[in-house]
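Where a number appears in this text, it was derived from the coordinates with a stated rule and is not lab data. Since we're looking at a predicted model, the values are computed, not measured. Note that we place each Cβ from the backbone using ideal geometry, even for glycine, and neighbour counts take in every protein chain shown.
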Amino acid sequence: RKPSVANCGAALNPADLEQYLHKLEVEYPAMNHLVFFGDWFQKAFDKADAVALNKLVSSTPIAAAAEQPLVHVSTAVVAIATKWLSSRDFDDVSEYAAAIVLRLGDSDA
């Protein structure tokens, strides 16, 4: 049986995220790391029950759907993610966030 969205979010380890972000900075210093940042979270939630996750996303308004998996993430992971995102270029983060929202909107079709 696949884990729930809540269990996947709760299982995210802040030390793993910190290590991953540091590795990105060292190994790929000249790249925009936002896609890799998103991939880290996506890989964690890909383990969740796809039917439940798809139902959650498709039956919820876009803004709420984007937040739902993240409400289960620890405050330590959120703090690391927030600090890291705050150090990125604002326009890059805005563009990446818009792309995510558009992708969620496409899943409603």
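In terms of the mean number of neighbouring beta-carbon atoms within 10 Å, the peptides 43-49, 83-89, 24-30 order highest first as 43-49, 83-89, 24-30. Computed from backbone phi, the HN-Hα couplings of the stretch 4-20 come to 6, 4, 4, 5, 5, x, 5, 7, 5, 9, x, 5, 5, 5, 4, 4, 4 Hz, rounded to whole numbers (Karplus: 6.51 cos²θ - 1.76 cosθ + 1.60, θ = phi - 60°; Gly and Pro given as x).
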